[in-house]
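All remarks here apply to the structure that follows.
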Amino acid sequence: MPDGLDFTGSFHPAHDLRFLRDVTFQETDGAEGKRRVDQQIFDEVLAMVAEAESLLVIDMFLFNDLTGKEDRVYRTLSRELTDAIIARRQARPALHCWLITDPLNSLYGGLESAHLARLRAHGVTVVTTRLTALRDSNPAYSTGWRLLLRFWPHHFGPMLPNPMAGAPVPLRSYLDLLNFKANHRKTVIADRGGVPTALVTSANPHDASSAHHNVAVVFSGPAVADLLATEAAVCAMSGAPEPAALVAAAADPGAPSPLRLRVLTERAVERAALALLERAQAGDKVTLTMFYLASRPIVRTLKQAHQRGVNVRVILDPNKDAFGREKNGIPNRPVAAELTVAGVPVRWIQTHGEQFHTKMLVLEPAEGEMTTILGSSNYTRRNLHNFNLETSVEIRSPQDAAFSTAVRDYLALAWRSQPLPVISGDTETYADPSRWRQILYRFQEATGLSTF
């Protein structure tokens, strides 16, 4: 692996720590209920951009206005963020700005991204992640791709329908797509009003994703310098200029804080999640809220925690919607069936075209501080085993801290079934004990022959 990946940071004092969430729900019962969207995350991102003084580093997986078959777009997030960055560059010409993203946004060179072109024209360093430096999550395909298909010219061969809507793309775009790996990170770093500040989230500035459920954390303190180092590693592996070092204040621990935070990337997220589950004891409460849950080590450890008397709860996306297309419920529905048989309570977020895109694990012990892990990482082999680029953070907070209260309030809302608005439903809502789906999910998880 390239240097600087699979990073486990030290715990540092966290200052100005806040929990943010985006929630979408129906205000009334039934399929025709009025949709309400209550969002915080990208309002905060835009504020960070507007207040950046000398450095702005943004790493986002999906940054485009391609909508697939989705006919309802809540916000044009890609344009909002592009406009905000350009406006700040114009107001602060000396602002050093990096936008790191995944080649999916240009369909792997098959089309021009108007947003990225505008940013380049205004002096933003746009870094397209070099995915060939990463390990292959789908080796059955990628072995042949590395030997032969990677040399296929980008504009040679038939033009095919764009899988994300828009203009047709060349065959080469599909050949790259089938490697099934990505820079899946979602981070923002800025010297906000002169104070090094960071945001780590599960949300993308992607128009078709703008109504998704998501979570984020914003913080200042020395962990910001760790986060910047992980982004510099991506620039280095992609052959791009690295962001300038933050001002010395970023590495200064400053005043002590009862809130502590560390940065985790790639497989470090799995190690931290397993350690959290393994130390949970009878009487403790563990809640997992997840878009994709497929990791066999995580599923086994959840069941073991339940058997020890830990109050384990799991809240999942039903895996039924993807930008206007219908999905088959894999991996979450067969995993939920397995957990239910083991006695673990599972609830489904009641989505209506949007996705429950949250990725968060919380331990509330009977005594002691709360632990929260959140960020970009789904709990799948691809996300946790050094195939994708991922960033999450682990926060230790007193149970009476405002951050802890905000997390608990969010979990209570996500578990809510009555009264209206209904946020989640019982296990039976999307129960799928199918043996065939269980076999298919395990095969796809083990081999990488899947989109999750």
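No value in this document is a laboratory result; all are computed from the given coordinates. These numbers were taken from a predicted model, which means no experiment stands behind them. Note: ideal-geometry Cβ built from the backbone for every residue, glycine included; neighbour counts use all protein chains shown.
Ranking of E326, E242 by neighbouring Cβ atoms within 10 Å, starting from the fewest: E326, E242. For the pair H155 and T451, a Förster radius of 35 Å applied to the C-beta separation gives a FRET efficiency near 0.85, rounded to the nearest 0.05.
Determine the relative contact order of the chain: mean sequence separation of Cα pairs under 8 Å and six or more apart, normalised by residue count, in whole percent. Present the calculation step by step, with values, prior to reporting the outcome.
Working: 1054 pairs, mean separation 96.6, N = 452.
In percent, rounded to a whole number, it is 21.
Convex hull volume of the C-alpha atoms in the chain, normalised per residue: 135 Å³.
Cα to Cα, under 23 Å, and not fewer than 8 places away if on the same chain: which lysines meet these conditions relative to K359? Output for K359: K181, K186, K285, K303, K320, K327.
Considering only DSSP beta bridges with both partners in the stretch 12-251, what is the antiparallel share in %, to the nearest 5? About 75 percent, rounded to the nearest 5. Over the stretch 196-338, the pair-distance histogram of Cα-Cα distances with 5 Å bins from zero comes to 2, 7, 13, 14, 16, 16, 14, 11, 5, 2, 0 percent, rounded to whole numbers. Please state the relative contact order of the stretch 262-447 as a whole percent: Cα pairs under 8 Å, 6+ residues apart? For the stretch 262-447, the relative contact order is 28 percent. Please work out whether the stretch 349-452 counts as rounded, prolate or oblate from its C-alpha gyration tensor, where a ≥ b ≥ c are the square roots of the eigenvalues and a/c under 1.5 means rounded, while otherwise a/b larger than b/c means prolate and anything else oblate? Since a/c reaches 1.5 but b/c is at least a/b, the shape of the stretch 349-452 is classed as oblate.
Available extension along the chain between Q399 and Y174 is 76.2 nm, counting 0.36 nm per residue and deducting the alpha carbon span.
Classify the stretch 106-247: rounded, prolate or oblate, from the alpha-carbon gyration tensor (a ≥ b ≥ c, eigenvalue square roots; a/c under 1.5 rounded; otherwise prolate if a/b is larger than b/c)? It is prolate, given that a/c is not under 1.5 and a/b is the larger ratio.
Put in order of Cβ neighbour count within 10 Å, fewest first, the listed residues T358, T201, T230 become T230, T358, T201.
Could you tell me which of rounded, prolate or oblate describes the stretch 12-251, using a ≥ b ≥ c as the square roots of the eigenvalues of the alpha-carbon gyration tensor, with rounded for a/c under 1.5 and, failing that, prolate when a/b is larger than b/c and oblate otherwise?
Values: a/c = 1.75, a/b = 1.20, b/c = 1.46.
Note, shape of the stretch 12-251 comes out oblate.
Determine the sum of side-chain charges near R279: Lys and Arg each +1, Asp and Glu each -1, restricted to other residues whose C-beta is under 14 angstrom from that of R279. Computed value for this residue: -2.
Using DSSP to define loop residues, name the chymotrypsin sites (Phe, Trp or Tyr not before Pro) in the stretch 119-155 whose beta-carbon has at most 13 other beta-carbon atoms within 10 Å.
Working: sites: Y141, W145, F151; in loops: none.
Listed in order of number, the matching sites amount to none.
Charge dipole of the chain (Cα centre as origin; +1 on each Lys and Arg Cβ, -1 on each Asp and Glu Cβ, all else neutral): 1040 debye, rounded to the nearest 20. Cβ crowding within 10 Å ranks L261, L66 as L66, L261, fewest other Cβ atoms first. Think of the chain as a dipole: +1 on every Lys or Arg Cβ, -1 on every Asp or Glu Cβ, centred on the Cα centre; then among A50, Q307, P158, P158 lies furthest on the positive end. Contact order for the stretch 12-251, expressed relative to its length and based on alpha carbon pairs under 8 Å spaced 6+ residues apart, stands at 31 percent.
From the C-alpha gyration tensor of the stretch 262-447, pull out the three semi-axes of the equivalent ellipsoid (sqrt of 5λ each), sorted largest to smallest, in whole Å.
Values: eigenvalues 114, 76, 56 Å².
Over the Cα atoms of the stretch 262-447, the ellipsoid semi-axes are 24, 19, 17 Å.
Each label point was placed 7 Å from the Cα along the Cα-to-Cβ direction; for R118 and R135 their separation is 3.9 nm.
For the pair S434 and Q281, label points projected 7 Å from Cα toward Cβ lie 4.4 nm apart.
So if R0 is 41 Å, what FRET efficiency would R75 and L274 give, r being the distance between their Cβ atoms, rounded to the nearest 0.05?
Here the calculated transfer efficiency is 0.70.
Label point of D83 set 7 angstrom out along Cα-Cβ; within the stretch 121-135, no amide nitrogen lies under 15 Å from it. Dipole of the stretch 262-447 computed with +1 at Lys/Arg Cβ and -1 at Asp/Glu Cβ about the Cα centre; of W415, L363, L264, farthest Cα towards the positive end is L264. DSSP assigns beta bridges within the stretch 262-447; of those with both partners inside it, close to 70 percent run antiparallel.
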